[in-house]
Amino acid sequence: MNAVDGSSHVPQDGLASELEEELPSLLVLVLDTSPLGWGAQSAGISLREAVASLLIFINSHLALNHSNEVAVIAAHPTCVKFLYPVPGEDYSTVTQKSSAAAGAEESLEETNSNGQSNGHNAVPSDASMYRQFRVVNESVMKQLELLLLATSPADIEHNGKMSDTTLMSGALSVSLAYINRLIGGVNDDGPKVRARIMVVSVCSDLSSQYVPIMNCIFAAQKMKVPIDICKIGNNTGFLEQAADTTGGVYMHLEHPRGMIQYLLTAFLPDRVLRKHLVLPTQSSIDFRAACFCHNRIVDIGYVCNICLSIYCQPPADGSCAICDTIFDPRNLADLLKKPVVVTAAAPKKAKKKKKKDSEAISSLTPGP
Ligand SMILES: [Zn+2]
Ligand SMILES: [Zn+2]
């Protein structure tokens with residue numbers, strides 16, 4: 001090809017980037033399916049509307065290149081599940097079956113007297129739809145429906161209260177393992193696919209998963225896999241760090257109803273195209289960490305100098321809970337020292353000074 005277009009003179013770096021540009025792109029979409037998180041967003045956007053926007057986004061990604069691939073993973077409060085591709089499913093036969101079933105579904109829709117589509121028909125089946133679009137759309141809708149139907153109120157309850165936390169660290173681990181399998185390890189020939197992860201998150205608190213999430217971030221950084229974050233609701237510090245460390249895009253949706261516009265403008269270009277674009281950047285990033293003892297986000301913490309574990313207060317037993325290192329009691333005593341209390345004489349001086357000040361003021365005050 002270089003001989004034809006006369007580009008054989010390009011330097012080695014340019015050639016490498018050109019080869020990278022020709023690689024197919026793999027998008028691993030991690031969808032936060034926390035029922036409580038989406039319930040809190042009901043005024044802005046519902047899960048159904050978000051999924052409809054995401055399916056358009058996925059179809060756009062597949063339309064960019066015939067070889068592009070996609071995987072959709074649900075991060076649920078109880079489990080991590082592949083919405084597409086489903087392990088063990090043969091999609092070549094599914095397409096033939098589904099095209100036969102499409103006619104039946106359409107005739108059922110026509111006989112519906114209300115004229116309203118239910119949740120199952122949120123993405124209408126169309127026999128004329130591009131094969132890959134159809135396979136992905138049907139699989140995501142079907143698996144998501146099964147996942148939500150199998151969720152009970154007890155599943156989202158933690159320690160007696162409802163929680164919107166999902167297994168985000170598990171979903172990121174599964175994404176990285178899937179990418180690693182498709183890339184087939186980085187050998188002499190280089191990777192066979194350009195991979196990236198995109199997270200759509202609604203949950204507000206991930207502090208209990210600080211360590212596993214940070215491990216995933218560093219693994220992604222080493223694999224050169226950017227993590228893009230599409231955040232709905234409150235900002236989450238750890239996800240900001242994920243995008244910053246791996247070179248991904250972090251975007252907090254101010255107007256979630258316009259989600260499709262955010263997706264197509266900020267998240268559709270992959271990492272090769274991004275160097276030619278001006279993409280949104282984070283003005284401020286929350287770099288705070290969570291303590292290993294209570295999983296609380298801390299402003300000032302204590303760090304074990306052997307294993308770098310973070311504590312919100314010096315350990316009471318004088319040893320590290322992670323690596324069992326026994327700390328020097330003198331250092332601990334220094335850390336446990338209380339602030340120096342101002343002596344009794346000092347306020348007197350202050351009082352005197354104050355008096356002087358008042359005298360000065362009074363002397364400046366004009367007499368009668
Ligand atoms: Zn703590
Ligand atoms: Zn330690």
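The values are calculated or read from the model by the stated rules, or taken from the named source; none is laboratory data. Being a predicted model, the structure only gives us computed values, none of them experimental. Glycine also receives a Cβ, built like all others from the backbone with ideal geometry; neighbour counts cover every protein chain displayed. When the accessible area is computed, the model is the full protein with side chains, heavy atoms only, and any ligands, DNA or RNA have been set aside. Shrake-Rupley method; radii C 1.70, N 1.55, O 1.52, S 1.80 Å.
The packing ranking, built from the mean of other Cβ atoms within 10 Å per residue, places the peptides 24-34, 137-147 in the order 24-34, 137-147, highest first. Across the range 232-243, computed HN-Hα scalar couplings (Karplus, 6.51 cos²θ - 1.76 cosθ + 1.60, θ = phi - 60°) run 10, x, 5, 5, 10, x, 5, 6, 4, 5, 4, 5 Hz from first to last residue, x flagging Gly and Pro.
Rounded to the nearest 0.05, what FRET efficiency do N234 and V342 give with R0 = 45 Å and r taken as the Cβ-Cβ distance? Could you check?
Once rounded, the FRET efficiency stands at 0.65.
Magnitude of the charge dipole for the range 199-281, about its Cα centre and with charges confined to Cβ atoms of Lys, Arg (+1) and Asp, Glu (-1), is about 280 debye.
Note on L273 and L64: the extension gain reaches 74.0 nm, defined as 0.36 nm multiplied by sequence separation minus the Cα-Cα distance.
R0 = 22 Å: FRET efficiency of E49 with L147, Cβ-based, nearest 0.05? Don't skip to the answer; put the middle values down first.
On the way: r = 18 Å, r/R0 = 0.81.
It comes out at approximately 0.80.
Amide hydrogen proximity for L26: with H placed 1.01 Å from N in the peptide plane, the residues at 5 or more positions away or on another chain lying under 5 Å are E69, R194, A195, R196.
In what sequence, highest mean first, do 280-288, 66-74 appear when ranked by Cβ atoms within 10 angstrom?
Details: 280-288: 11.4, 66-74: 18.4.
Sorting 280-288, 66-74 by mean packing, highest first, produces 66-74, 280-288.
Work through the residues other than T165 whose Cβ is under 13 Å from its Cβ and net out their charges, Lys, Arg +1 and Asp, Glu -1. Please list the in-between numbers first.
Values: positive: K161; negative: D32, D155, E157, D164, D205.
That works out to -4.
For F133, F238, the ranking by accessible surface with the largest value first comes to F133, F238, using a 1.4 Å probe. Debye sum, Cα scatterers, the range 243-306, no solvent: what log₁₀ I/I(0) at q = 0.15, 0.17, 0.20, 0.26 1/Å? Calculated log10 I(q)/I(0) at the listed q: -0.67, -0.76, -0.87, -1.18. From the square roots a ≥ b ≥ c of the eigenvalues of the alpha-carbon gyration tensor of the range 130-177, which class results: rounded (a/c under 1.5), prolate (a/b over b/c), or oblate? Since a/c reaches 1.5 but b/c is at least a/b, the shape of the range 130-177 is classed as oblate.
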